[in-house]
Structure formats: C-alpha cells, structure tokens
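Heads up, the thing below is written out as structure tokens.
The values are calculated or read from the model by the stated rules, or taken from the named source; none is laboratory data. Source: prediction; values computed, not measured. Every residue, glycine as well, gets a Cβ built from its backbone with ideal geometry; the counts of neighbours run over all protein chains shown.
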Amino acid sequence: MPNTDAILITTLAERSELITRVYEISEIWPAFMRHDPVAVALLDLVPEDFPRYCVVATDGERVVARGLCVPFDAEAEGREELPDQGWDRVLAWASHDRRLGRPGTTASALEITVDAEYLGQGLSYRMLGAMRDAVGRQGFGTLLAPVRPTAKHRHPYVPMTEYIGRLRADGLPVDPWLRVHVKSGGRIERVAPASMTIGGSLAQWRRWTGLPFDRDGEVVVDGALVPVECGTGHDYAVYVEPNVWVRHRTRTGDSDIR
C-alpha cells in the first residue's frame, strides 16, 4: 500500500510542468463517460486555462490524483448559480467567459480523480480541501460541485432525489462520495437532473458497453447512474446523467470576502 503521507498536493499554477501530465492516472471511469461532447471539446483545456483553480497530487515523480475546477460568471444574463444542466453547463460557461475575458463570480469543481492504486486512503478528502483552499485564494467564498455519487450506479432505477435522502444511522449520506463532501463541510443543495448528456448511435453504444442495444426502452449499463434510453427505430440511444449540487464555503468565504 502506498505511503500517502509523502504525497504532495499543489495547484497546477505552482507546478506548471504537470499540466500536461494530469491524465497520467490509472482511472476506472466507464468507457461511455469519455463521450460527453462538452467534455470532449473542452475538458482537456481546463488544466492549462485555469491552473490556479486546479490541484494535483504527486507521490515522488508520479501523478496520483487531479482535481479540476473552473470559475464562471453566474450572474450573467440567462444564467444561474446551480443550473439544471450542471457539469456540462458550468464547463461551457467557464470556457466562454475565459474567451471573452469575463471574470467569474463563483467557482465549480468538475472532478476529483484518484489513481486506482491510491483509492480508499483518504486522498479524496485532501484533494477536496486543497481545491477549496485554491478557490478561496482566488477570492471566492464558495466552491460549488455537481457531484457524481459513486454508488448510485448500483441503484439505477432509484430517483436521485430519493437516493440523496438515504442516510446512515449517523445521519451522513449512504453514498461514499456524497459523504466525503458532507463530512468536509459541504451542504447538499439540490439535484442537477441533466448534468451530463451523452448520445450516440446504437453501434457506438455497443462498442462502449458490450451490450446489444436491440430493444426499445431503458437499458441498464454498468457504471451508469440511471438507465440509458434506447430507440431502435432511430438508431440512437441517449444517457442523461443527474448529479447533485453541493456547496462548500472556503476560508475566504468564512471571512465574508466574495
């Protein structure tokens, strides 16, 4: 088991040489998750575009975790702080704002990914804390997060609104990743019902999942939080993933600075 005490966590601005290495991690994401069109177009730009908001963990020379985060203007016309389209929407807004030179009014986490060999050792708590501190140093009092509950895929037919209400005897969420956020001081706000949308032909879904996709209706896919909707007559299937908006206060926020 790796010695996590030796792990160093910094922002990418502090270690810019790691910007091109943040994806050198052994990951366990389902294959279909790599095909969100917003992510395909914009996610790889985040480490270089927003290095002061992104954090990275290293064990010696090895990159063992990354945390991606973006600022965006939640007060621009037609926007809101916690959009229903969650992850996709804040990433698109952040990218658009940067191109226009428009400053953000808040910040949102996009992901914290820990190398498979380092899971279960508390590194996710440290990464979340480091990201919260990084956002606070940029003058923001709030870190938002469209959280993807890590155990929800075991209950694909349970509505997300019901799932987030499931608590342990100690009052904490049954979901491990939601529990990390709550134990770290986060407050669950509401569900983002259409946080990510991934569509594709039936041939694509067969390649991504190994399933036949030969019947109309809902298809349960390993790793998906809800069923995928399949339409054989249109040769198309679509996955609309709900996430959970969580709000964290930063240390700057505790000082009543924006």
(request) Could you check how many residues of the stretch 158-168 are surrounded by 12 or more Cβ atoms within 10 Å (Cβ to Cβ) and of a type in the set (D, E)? (result) 0
(message) If I go through the stretch 54-70 residue by residue, how many of them are under 14 Å from the mean Cα position of the chain (by Cα) and not hydrophobic (A, V, I, L, M, F, W, C)?
(response) 2
(message) I want to confirm something. Restricting to the stretch 213-227 and keeping residues that are under 14 Å from Y157 (Cβ atoms) and either touching a Gly at 6+ places or on another chain (Cβ under 6 Å) or free of Cβ contacts under 8 Å to residues at least 60 places away in the same chain (or both), which single residue is surrounded by the most Cβ atoms within 10 Å (Cβ to Cβ)?
(response) V219
(message) Suppose we keep only residues that are acidic (D, E) and surrounded by fewer than 22 Cβ atoms within 10 Å (Cβ to Cβ) within the stretch 228-243. Which one would you say is nearest to V147 (Cα to Cα)?
(response) E229
(request) State all residues of the stretch 17-57 that are charged (D, E, K, R) and within 20 Å of T106 (Cβ to Cβ); if no residue qualifies, say none. (result) D49, R52
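Could you tell me whether G139 is touching a Lys or Arg at 6+ places or on another chain (Cβ under 8 Å) and touching a residue at least 40 places away in the same chain (Cβ under 8 Å)?
yes
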(message) For the stretch 115-132, give me the residue count where each residue is in contact with an Asp or Glu (Cβ under 9 Å, 6 or more places away or on another chain) and buried (at least 18 other Cβ atoms within 10 Å of the Cβ).
(response) 3
(request) Identify all residues within the stretch 103-120 that are assigned to a loop (DSSP other than H, G, I, E, B) and closer than 15 Å to Q138 by Cα; write none if there are none. (result) P103, G104, T105
(message) Please determine whether any residue of the stretch 165-187 is among the polar types (S, T, N, Q) and either in a strand (DSSP E or B) or without any contact (Cβ under 8 Å) to a residue 40 or more places away in the chain (or both).
(response) no
(request) May I ask you to verify whether D73 is surrounded by fewer than 24 Cβ atoms within 10 Å (Cβ to Cβ), closer than 20 Å to S26 by Cα, charged (D, E, K, R) and without any contact (Cβ under 8 Å) to a residue 60 or more places away in the chain? (result) no
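Here's the yes/no breakdown for (1) basic (K, R); (2) surrounded by fewer than 19 Cβ atoms within 10 Å (Cβ to Cβ); (3) under 30 Å from A203 (Cα atoms):
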site: A31; (1), (2), (3): no, yes, yes
site: Y53; (1), (2), (3): no, no, no
site: A57; (1), (2), (3): no, no, no
site: V63; (1), (2), (3): no, yes, no
site: G67; (1), (2), (3): no, no, no
site: E77; (1), (2), (3): no, yes, no
site: D88; (1), (2), (3): no, no, yes
site: W93; (1), (2), (3): no, no, no
site: A107; (1), (2), (3): no, no, no
(request) Could you tell me which of the residues G186, G210, G171 is surrounded by 13 or more Cβ atoms within 10 Å (Cβ to Cβ) and at pLDDT 95 or above? (result) G186
(request) Please enumerate the residues belonging to the stretch 58-75 that are in a strand (DSSP E or B), within 21 Å of H248 (Cα to Cα) and among the hydrophobic types (A, V, I, L, M, F, W, C). (result) A65, L68, C69, V70, F72
(message) Name the single residue that is nearest to F140 (Cα to Cα) among those in the stretch 76-101 being in contact with a strand residue (DSSP E or B) (Cβ under 9 Å, 6 or more places away or on another chain) and not in a helix (DSSP H, G or I).
(response) E81
(request) Residues being part of a loop (DSSP other than H, G, I, E, B) and surrounded by 15 or more Cβ atoms within 10 Å (Cβ to Cβ): count how many of those fall in the stretch 3-26. (result) 6
(request) Look at S195 and say whether it is surrounded by 22 or more Cβ atoms within 10 Å (Cβ to Cβ) and assigned to a strand (DSSP E or B). (result) yes
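Can you work out which of the residues in the stretch 75-107 that are among the small types (G, A, S) and within 18 Å of the chain's Cα centre (by Cα) is nearest to A192 (Cα to Cα)? It would help to see each step written out before you state the result.
Kept after step one, since they are among the small types (G, A, S), are these residues of the stretch 75-107: 76, 78, 86, 92, 94-95, 101, 104, 107.
Still in the running and within 18 Å of the chain's Cα centre (by Cα): 86, 92, 94-95, 107.
Values: G86: 5, A92: 15, A94: 17, S95: 20, A107: 16 Å.
In this case the residue turns out to be G86.
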